[in-house]
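Any read-out appearing in this document is the output of simple, stated calculations on the displayed coordinates, not a laboratory observation. Predicted model only: the values in this text are computed from it and were never measured. Virtual Cβ from ideal backbone geometry, glycine too; neighbours counted across all protein chains shown.
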Amino acid sequence: MDSTFLAQSILLALCTAGLYASVASGLTLEFGVTRIINFAHGEFVMLGAFQTYFMYELYGISPIIGMLSSGLSMALLSIVVYWSFLNKVLKQDEHNQILATLGLSIFILNIAVILWTPDARVMHAPALLPTVQLAEITIPGNNLFVLLVGCVLFALLMAFMRYSKYGIQLRLASDDPELATLSGVNVNRMFCLSFVIGGITAGIAGGLVALVLYVHPYVGLDLVMRAFAIVALAGLGSIPGALIGAVLLSIIEGIVANFVSQGASWGYGVAFLIILVVLLVRPTGMFGKELRS
């Protein structure tokens, strides 16, 4: 095994972890607060990717502005989605919750295919950061940008949850909704806020997708399956664990893709294998806790 190639693979995988972490952070926050598994999260990522792509390709707007505006758009869409029907299924059977978000996912995906066809697109954006050369190892500037944005997004989310007034209320609403209500917290608004934050992270993650991957209607499905693997590995509702899970998954995928025959097509296989192993060995994940009854 060539050590230089191995180091290159691991460093590029770490950059990919920034994208995975951006997708998984919003997903794990939404579930951690509301206990709803949002299957449509990947489609929000996909919509953010298309918005960033079209803003640059049609109007020459910087991808940075594009991903920020995508975050805002997905936040607004999250508000509409939550108050239109998600809040109505919060206290219903878990099967109804799954069907609601799965139906939304399929609906958005089919609309995207009709509007933009299944064809993959590439955003020909310039490098936002200079390429880094370490001996024989080359890290493209846009891959570094993805890693940087992923780390900043996670740091901001952790600081918000730990130190802000609304972050504390979100944690209280997650741990004990009845106690939160008695304490004067509007639990329904906190649930909505969790989806808004999830929408912001999904939109920004979509901008990162447009920067380093192909843009097509199924890209969100590809990423959300990996995000579920990360959330399962980390523990449902554990935001710090999601970062560690993203790093582990991306490194495993990178090594498999580069050093196993036909490993590049094993992405789903690795993700589902991780979910299976975690569910068998430790259902709550590395940092998860038992769900409230």
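Computed over the chain, the per-residue total of -39500 (n - 2.57) for DSSP H runs of n ≥ 4 gives a 222 nm mean residue ellipticity of -24500 deg cm²/dmol, rounded to 500. Arranged from fewest to most other beta-carbon atoms within 10 Å of their beta carbon, Ile197, Ile61, Ile274 become Ile61, Ile274, Ile197. Dipole magnitude for the chain: about 620 debye, using +1 per Lys or Arg Cβ and -1 per Asp or Glu Cβ, origin at the Cα centre. Extension gain, Cys151 to Leu115: 0.36 nm times the residue separation minus the Cα-Cα distance gives 9.6 nm.
Sorted ascending by nearby beta carbons within 10 Å, beginning with the fewest, Thr52, Thr284 become Thr284, Thr52. What do you get for the angle between helix 267-281 and the principal long axis of the chain? Use alpha-carbon atoms, 0 to 90 degrees, nearest ten. For 267-281 against the chain, the angle is about 50 degrees. Between the amide H of Val132 and those of Ile139, Gly141, distances stay under 5 Å, these residues lying 5 or more places away or on another chain, with hydrogens modeled in the peptide plane.
Computed extension length for Ser164-Ile137: 5.7 nm, one decimal, from 0.36 nm per residue of separation with the Cα-Cα distance subtracted. With θ taken as phi - 60° and the Karplus curve 6.51 cos²θ - 1.76 cosθ + 1.60 applied, the whole-hertz 3J(HN,Hα) list for the stretch 174-186 is 6, 6, 8, x, 5, 5, 4, 5, 5, 7, x, 8, 7 Hz, x standing for glycine and proline.
As a rough footprinting exposure proxy, the listed residues Val132, Val231 were ranked by other beta carbons within 10 Å of their own, and the order from fewest upward is Val132, Val231. Cβ-Cβ distance of Leu276 and His124, R₀ of 51 Å, FRET efficiency by 1/(1 + (r/R0)^6): the value works out to about 0.85.
Each peptide among 199-208, 155-164 gets the average number of other Cβ atoms lying within 10 Å of its residues, and from highest to lowest they stand as 199-208, 155-164. The gain in end-to-end length when the Phe5 to Tyr214 segment is fully stretched comes to 72.8 nm, 0.36 nm per residue minus the alpha carbon separation. Only Cα pairs under 8 Å and 6+ residues apart enter the sum, and on that basis the relative contact order of the stretch 22-219 stands at 46 percent. Sequence-ordered 3J(HN,Hα) estimates for the stretch 150-164 from the Karplus curve with 6.51, -1.76 and 1.60 and θ = phi - 60° stand at x, 5, 5, 4, 5, 4, 5, 5, 5, 5, 5, 5, 8, 10, 8 Hz, glycine and proline given as x.
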